[in-house]
1. List pairs: first residue in segment 587-600 and closer than 22 Å to LYS763 by Cα, second residue hydroxyl-bearing (Ser, Thr, Tyr) and modelled with pLDDT under 80 anywhere in the structure, Cβ distance under 8 angstrom, at least six positions apart or on different chains.
2. Does segment 222-260 hold any residues that are within 26 Å of the chain's Cα centre (by Cα), exposed (fewer than 15 other Cβ atoms within 10 Å of the Cβ) and not in a helix (DSSP H, G or I), and which are they?
3. Which is under 20 Å from HIS308 (Cβ atoms) and modelled with pLDDT of 95 or more, of GLY476, GLY547, GLY511, GLY540?
4. Kindly check whether there is at least one residue in segment 728-748 that is farther than 21 Å from ALA990 by Cα, out of contact with any strand residue (DSSP E or B) (no Cβ under 6 Å at 6 or more places or on another chain) and in a helix (DSSP H, G or I).
5. For segment 368-420, give me each residue that is acidic (Asp, Glu) and surrounded by 24 or more Cβ atoms within 10 Å (Cβ to Cβ).
6. Considering only segment 450-479, how many residues are in a helix (DSSP H, G or I) and either more than 25 Å from the chain's Cα centre (by Cα) or not polar (S, T, N, Q) (or both)?
7. Just a yes or no: is a residue in segment 143-150 assigned to a helix (DSSP H, G or I), modelled with pLDDT under 95 and not assigned by TED's automatic domain parsing to the domain that holds PRO470?
Amino acid sequence: MSATRARFLLTRALAGVASPRSPMAIARPLATKARSATPALAGTKLDPSESFMTGTNATVLEEMYERYREDPNSVHSSWTTFFHNLEIGVAPGDAVELIRVNRNKLDTVPAGMTPGKDLFQISQDTIQLMSMIRAYRHRGHLVADLDPLGMRRKILSSGGIDPFKIHRESDPKHYNFTEADMDREFVVYGELPGPPVRRLKDIVALLRKAYCGKIGAEYRHMLSRDEKFWIGNILENENERPFSTEEKKEILRDLAEGELFETFLARKHNTAKRFGLEGGESLIPGLQAMIDHGSQLGVENVVLGMSHRGRLNVLGNVAQKPLEQIFHEFVPREDPFADSYLGSGDVKYHLGTSTTRKMRSGNTVHFSLLANPSHLEAVDPVVVGKTRAKQFFTEDFNREKTMALMLHGDASFAGQGVVAETLELSDLRDYTTGGTIHIVVNNQIGFTTDPKEARSSPYPTDVAKTVGMPIFHVNGDCPESVVKVCKIAMDYRQRFQKDVVVDLFCYRRHGHNELDQPMFTQPHMYKLIKAHDTPMNIYGKQLISEGVITDAEFKDLTASINKSLHEKFDIGKTWKPSEKDWLSSHWKGMKSEADHSRLQTTGVELKKLRQVGMKHCEVPEGFKLHSILRKQFADRKKSLEMGEGILWATAEALAFGSLLLDGFAVRLSGQDCERGTFSQRHAVLHHQDEEGIFVPLNNLNMGEQAHFQVCNSNLSEMAVLGFEMGYSLESPQSLVMWEAQFGDFANGAQVIIDTFLAAGERKWRRQSGLTLLLPHGYEGQGPEHSSARLERYLQMCDDDPDVMPDMDPHKSKQIQDCNWQVVNCSTPANYFHVLRRQVAREFRKPLIVMTPKSLLRDHVCKSSLSEFGEGAMFRRVIPDESTGMVTPEKVKRLVFCSGKVYYDILKERSLRNVEDVAIARVEQISPFPFDLVQAEAAKYPNAEVVWRQEESKNMGAWAYVQPRFATALRDLENGHERGQLTYIGRQPSASPATGSIRTHQQEQVALNEETFTY
């Protein structure tokens, strides 16, 4: 029936005219609340069966009908039924009655539903029908037409799934329906959208179209009934608007731009690796449609992470990095950034970019594509961390304007554990970003590894089921289906604020890269690929056959794109870079290593510090604090009042609080970091009698302050550290920290440390001030709870041990020229200053801090408040300031050390009443304090210079400091001899520490004896 005829019946209903097909007066199925909804109907879903009334406002009902015509899902399902029945010719009164079936009166079932069937058979058949519907929804994806190469049946079989059995489950005969049953009618109200009564053949057709076509959906594993209902309604909607002629042309253009870009590069640089997208080109129209649609739903920023495959294509055609710049970077004889910024750079398919472009809708979207190493999925947590930070700094607390988009490979998504770790962050309070869209570019092969050898599940995306994400599989040779699921994914993300996965089934036309020979290992697959037409040609022929375009128009399109590529290639020959082409953004006031940054003091006015400290110890009236904490905070207050005995946790709180008042946000993340592993921090207080928490540092009440975030993470190192790495990249106006529960737990995040933190600025020109807090110290707690693996961080320092840099404090750029800082503070005050120094500078460098364990409450490891005051700053080396020592000329041994071991030596020296052994603490190990070490050694001209450490000889700082001491001392009198540093520490070992407390104590005694035997 036409819309005009439906409106006529609607008018008759409103006029009160009796239906010619019903003796009753026309019911007026408009809920009373509809009157109050006029004229604002948007978002309203009224049920016509809720109440019947006369005098209905015609405008309201007509507006409701117009909404139904545009989108049946926008009105209540009972309205959908009502309007649908009108359109198929049911009288208005009966249209309502059909949805008000009294299920206790099945003895009067219409004849069309029961030919030759009794009530038992009807019930049995209905159960079978429900089983069939359930099978399609749960398992229809297994027989969907997803694989462009037709190899999927073999893959499923190797995974223990019998495709023939699945096909049988989708056959009505499997449920005892015969051909004669196809015209029978069944009540499906509430189970399927649309008419409440349907013929069996129409039901089967709907299910096959929804679940067994070019799209396969997995969503029935989800816990949310609303989300499942929403997805089912979209997939099973028979009134879906088809793509318009203009939309099809847009898809073809996007597809052609993606494919011809790869073809052009292959011709111009046939010996260069580019990890092209050939075989998966439908990704480009999918992304274009997804982001354009997202821009209409409020998305303004997209933070994008992806591995190699298709990266250049996405950079050029989606993020719209200038193609002339991409072409220029292929010139092997030139380094485009050699003169603009220091650093080693990286290969072109690792590079990131930051661009802003206008979408087809007219809306503007900013893209941040993160640089990524060859550890393919390592970028995942970095992406979500940067997304969260951007949301924080733009106050996008609804998480609708900034979103994360990740592109994965099938083998890496299934195989790399960081994927699962990152997915687990998706719905955690302090780590959620309001949903990430994941697109798996499913090549159906790893490097040379078949799927059956790469995973233990039918799909690479099965890992996403662990956190209940919907998964849409789609055939990459059908770009219209790709566009459809990409837009559904965006709708889902914006509506439900959760992660969603699109699995793009495609293939890899070349080997692992363009120079690889895939026929060595996959001859059958690559014979199929060689004979297979490209997505652009397949879709072009489809549109020609549909009459959407002509063959001449198709040729003109490809010629036009090729012409544009040639023009930009010529421009690329003379393209010149600028700093902004490389850096994601210019941080206001931040300097590169090429510009000298002045030395900054980090002390704070003592009155202000006392106020911060006191506020940190206050709780609201009526808030019941644990009795042990009451004593702890009372002791903190007392130390602040006296100005003496400031402990580590108090110093940390003073650093955080003073930074918050200075306008710097502070974020601390890690396992159990709210309380602190060693029960020292207590940044979040818990009411002892009721549910409730209090965060003192967010309630300083001393004027304007920035926000403090302290976040207990899940039991992950790699994903959480990666998250904080990404967070630190967004803005320099914050102190971002990750704390390991024990220092060596950072082992689990080594890829992030190696590739992003230690080398990120050198490779990608990205500054980061991320700070790692790594508990470190030998207290007889065994090999896994002793060492933070200091040696690993020092080994990655890039300063030259044989060159003493200019150490003039007014000219030195030593720290700016190094990749990061490694410190092992021995006093709370120095810890305070090194934290404040992180954001006081005019540049950012990562900071690795070896933090203490036993010293957190040690009575000797305390600072006076005066050490925090104005004019004070971080002390890279702390000289021996003890009284009662012999004159410097008479000192026989100068012991350099770092961190907790200082207190072991100091205690032993006191017990032995030794006066001729001086102890100097190297607080900043890297960059090495050549000047202060040299000055301290010069102070004791006759002393033997010794290095004492807790760690084994093959660990700790020894290998790093030994050659640097030689460089620092070589210009002194007898410098060559004094530069032969004496080692005192544990002997080489494969294990970081002993697990026996008795053995540990014996080792300590031996080390102390060696230190004072000279």
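The values are calculated or read from the model by the stated rules, or taken from the named source; none is laboratory data. Being a predicted model, the structure only gives us computed values, none of them experimental. Here the Cβ positions follow ideal geometry from the backbone for every residue, glycine too, while neighbour counts run over all protein chains shown.
1. Note: pairs meeting the criteria are SER592/TYR341; ALA594/TYR341.
2. Scanning segment 222-260 gives LEU223, SER224.
3. Just a single option satisfies the conditions, and that option is GLY476.
4. Yes, the conditions are met somewhere in segment 728-748.
5. Scanning segment 368-420 gives GLU377, ASP380, ASP410.
6. 11
7. Within segment 143-150 (the criterion being assigned to a helix (DSSP H, G or I), modelled with pLDDT under 95 and not assigned by TED's automatic domain parsing to the domain that holds PRO470), the answer is yes, since at least one residue qualifies.
Yes/no per residue for (1) touching a Gly at 6+ places or on another chain (Cβ under 8 Å); (2) outside the structural domain of ILE544 (by TED's automatic domain parsing); (3) over 17 Å from PRO479 (Cα atoms):
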site	(1), (2), (3)
LYS173	no, yes, yes
GLU179	no, yes, yes
PRO195	no, yes, yes
ALA205	no, yes, yes
HIS221	yes, yes, yes
ARG225	no, yes, yes
ARG241	no, yes, no
